[in-house]
1. Quick check: is even one residue across the stretch 24-44 of a type in the set (S, T, N, Q), under 22 Å from Arg84 (Cα atoms) and crowded, with 16+ Cβ neighbours inside 10 Å?
2. Can you list residue pairs whose Cβ atoms sit under 6 Å apart, with the first residue in the stretch 77-106 being assigned to a loop (DSSP other than H, G, I, E, B) and surrounded by 14 or more Cβ atoms within 10 Å (Cβ to Cβ) and the second being modelled with pLDDT of 95 or more and hydroxyl-bearing (Ser, Thr, Tyr)? Count only pairs 6 or more apart in sequence or on different chains.
3. Being closer than 19 Å to Arg22 by Cα, at pLDDT below 95 and among the acidic types (Asp, Glu) is the filter here, so list the residues in the stretch 80-139 that pass it.
4. Assess whether Pro156 counts as being closer than 27 Å to Tyr196 by Cβ and outside any strand (DSSP E or B).
5. How many of the residues making up the stretch 1-57 are charged (D, E, K, R), farther than 30 Å from Glu78 by Cβ and modelled with pLDDT of 90 or more?
6. Would you say Gln59 is surrounded by fewer than 15 Cβ atoms within 10 Å (Cβ to Cβ) and touching a residue at least 24 places away in the same chain (Cβ under 8 Å)?
7. Take the stretch 127-149 and flag every residue that is in a helix (DSSP H, G or I), of a type in the set (Asp, Glu) and buried (at least 19 other Cβ atoms within 10 Å of the Cβ).
8. Taking the stretch 62-76 only, how many residues are out of contact with any strand residue (DSSP E or B) (no Cβ under 7 Å at 6 or more places or on another chain) and either surrounded by 15 or more Cβ atoms within 10 Å (Cβ to Cβ) or not in a loop (DSSP other than H, G, I, E, B) (or both)?
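The values are calculated or read from the model by the stated rules, or taken from the named source; none is laboratory data. Nothing here was measured: the structure is a model prediction, and the numbers come from that model. Please note: Cβ atoms are built from the backbone with ideal geometry, for glycine as well, and neighbour counts cover all protein chains shown.
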Amino acid sequence: MSLPRKKIERLFTVDEYLAFERTSEERHEYLDGAIYQMAGESLAHGRICTNLVRVIGNQLLGKQCDVFSKDMKVKSSELPRPRRATKGLFSYPDIVVVCDTPQFHDQYTDILLNPTAIIEVLSDSTGEFDRGEKFRRYRTHLSLLTDYVLVAQHEPLVEHFTRKSDARWELVSYESVAATLHLATLNLFVELADMYARVEFPPEFNDAPAVVE
């Protein structure tokens, strides 16, 4: 199970956060002046992320796309940014795919501005935030984001949000290891059996069809 997120008890500007983060041995996310230490990783979480990087990376070979895992920050905030600003979200998605020339916040090339797809493996400490405020910031400020995927680690459950042409987001849920996640924008297919390879679930989880909402 992931460790609880720890909040540093003072407010930081964006510039102060970036100066702090680039010298820290730990990873921290930033939300409107608050800095949160990233949670520790469970065995299941680590296996799912490794499986996804392998499967997605293999399918992107030869394409003008990059896949980043864990150490690439994503910025979700309004532009331009005034001096000593505190508003904004800087996050570390588990998996980020960008299928265009990567655009970065500054010369350090460690904060991506134009992700195409983001995948988060949910934990008990961050699941509500990943579904709620984080996704709201992503869909508001990341205009080129087409796919947002949430992966449960304690049961075979994947929630795939796709941006439609009329600015709506469509949800498809997969609830079986026999299902296949399809990211049509990237022409990616991920078997849930491959995604969850070596991850153990309770025996009550049986095959179930995809559900479109």
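1. Applying the first criterion (of a type in the set (S, T, N, Q)) to the stretch 24-44 yields 24, 37, 42.
Right, trim to under 22 Å from Arg84 (Cα atoms) and you get 24, 37.
Retained after the next criterion (residues that are crowded, with 16+ Cβ neighbours inside 10 Å): 37.
Yes, because at least one residue in the stretch 24-44 is of a type in the set (S, T, N, Q), under 22 Å from Arg84 (Cα atoms) and crowded, with 16+ Cβ neighbours inside 10 Å.
2. Cys99/Thr116
3. The answer is Asp106, and nothing else.
4. Yes.
5. Restricting attention to the stretch 1-57, the residues satisfying the condition of being charged (D, E, K, R) are 5-7, 9-10, 15-16, 21-22, 25-27, 29, 32, 41, 47, 54.
Still in the list and also farther than 30 Å from Glu78 by Cβ: 25, 41, 47, 54.
So of that shortlist, the ones also modelled with pLDDT of 90 or more come out as 25, 47, 54.
Number of matching residues: 3.
6. No, not satisfied.
7. Result: Asp130, single match.
8. 1
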